[in-house]
Amino acid sequence: MGGGTGARRAVRAAAATLALAGGAVVAAPPAGACACGGLVDGPAYDTSVSQEAAVLQWDGTTETMLIELDALSNAPEVGLILPTPAPAEVALADPQVFRELDDLTQPRAVATDHRWWPELGFGTAGSDGAGAPAGVAVLDEVRLGPLDVTTLGATDPAALGAWLTERGFQLPEEIQTALAPYVAEGWSFVAARLAPEEATAFDGTLQPLRVTFPSGSLVYPMRMSAVADETQSTRTYVLADHRVDRVDATAEAQEPTVRFAGRVDPGSVSSDELAALLASGSFVTSHEQVFTEPGTQIVSDFTFSPAAADVAYTPTVAVVADKRIGPFFAGPVLAFAGVLALAVLVIWSGRRRRAPAPALAPRPARA
């Protein structure tokens, strides 16, 4: 990644919002390929996404995706192109959804040992749709806060590139190539960008996006990440009636890690949006997967199927619990108490030995 300190300052949330529109992970400067699609910027800038999280729900006919990306960029404008199986509706999402799900699915600490003494030493290691080129149809446009979001239909990957170029963005050849299968399959696309007048507003506070579209199955677009040059890290939360498994070719080649599986009471969360999602499907299944070689490891979109049983899983992490008496480690306190008790006993015993024998009263004479 390039750019100075200002480059890393706030695009994190701006790109997070843009990326959220498609649930992705990005990694190739000057623009990135990601699960959702591609982040695009100008030819002289660097945009990179290291981690992505997505909340997924499907009611049998309609899929809802909430997506959040961890991104850095030095570009004044960043745009996102996201493939969806059908034209999508886009809205802002509540970032608290991700914060709460992250907390709920954190590994639970289990004490496997106890520490009675403190460790000694010196530390531990530790837009406007008019004029769209042929092959692109502008289906909808909406302004969401500082973002311009457009829903597109496309029959030609090159036309998508031309559409973005007209708006000042460059579509790298590898991303355009990755778009081709989605175009061939008749998918639609969401294009989001920071509005030009908001180009200086990268302050780390932009929200994720909620993308809703008709779909015949639960799918998470991931194929475009295969063109990434850097390690891709993904986390998905599927909210459904039952536990789900990943059943795509990418999962078959490299099994994802189950982060969490279990029911979550909608009344236990503070986010209204998350509570509404849980009311429609309270079993949360979270998978994580890291791709160190995206080009060979990512071979498909992510797809899901009901698991054989609703087996709950809460990860645990072994910890060493401190034994304390008040604010102090129990070992030194007990040792000091023992030494003190021993000292008192020794002093008491010594004084007893040195004390003069008591004088005996003379016996009275016999008559």
Inset, instruction - Can you tell me which residue within the range 236-270, out of those that are small (G, A, S) and in contact with a Phe, Trp or Tyr (Cβ under 9 Å, 6 or more places away or on another chain), is surrounded by the most Cβ atoms within 10 Å (Cβ to Cβ)? - result: A261
Inset, instruction - Give just the number: which of (1) in contact with an Asp or Glu (Cβ under 7 Å, 6 or more places away or on another chain); (2) crowded, with 19+ Cβ neighbours inside 10 Å; (3) modelled with pLDDT of 85 or more does T212 not satisfy? - result: (2)
Inset, instruction - For Q207, indicate whether it is part of a loop (DSSP other than H, G, I, E, B), modelled with pLDDT under 85 and not β-branched (V, I, T). - result: yes
Legend entry - Hey, S271 touching a helix residue (DSSP H, G or I) at 6+ places or on another chain (Cβ under 6 Å), under 30 Å from G216 (Cα atoms) and modelled with pLDDT of 75 or more or not: yes
Legend entry - Where a residue in the range 83-99 is in the same structural domain as G145 (by TED's automatic domain parsing) and more than 23 Å from S217 (Cα to Cα) and its partner, wherever it lies, is assigned to a loop (DSSP other than H, G, I, E, B) and of a type in the set (F, W, Y), with Cβ under 8 Å and at least six apart: none
Inset, instruction - Please determine, by comparing only the residues of the range 285-344 that are in a helix (DSSP H, G or I) and in contact with a Ser or Thr (Cβ under 9 Å, 6 or more places away or on another chain), which one is modelled with the lowest pLDDT. - result: P294
Inset, instruction - Filter the range 276-291 down to the residues that are among the small types (G, A, S) and touching a strand residue (DSSP E or B) at 6+ places or on another chain (Cβ under 9 Å), then identify the one that is surrounded by the most Cβ atoms within 10 Å (Cβ to Cβ). - result: S286
Inset, instruction - Starting from the range 255-281, keep only residues that are assigned by TED's automatic domain parsing to the domain that holds H242 and within 20 Å of P208 (Cβ to Cβ), then list their pairs with residues that are among the acidic types (D, E) and surrounded by 11 or more Cβ atoms within 10 Å (Cβ to Cβ) whose Cβ atoms are within a distance under 6 Å, requiring at least 6 positions of separation or different chains. - result: R259/E288; V269/E100; S271/D94; S271/E100; E273/D94; L274/E100; G281/D241
Legend entry - E273 being in a helix (DSSP H, G or I), of a type outside the set (K, R) and surrounded by 13 or more Cβ atoms within 10 Å (Cβ to Cβ): yes
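The values are calculated or read from the model by the stated rules, or taken from the named source; none is laboratory data. Keep in mind that this is a model prediction, so the values were computed, not measured. Every residue, glycine among them, receives a Cβ derived from its backbone with ideal geometry; neighbour counts consider all protein chains shown.
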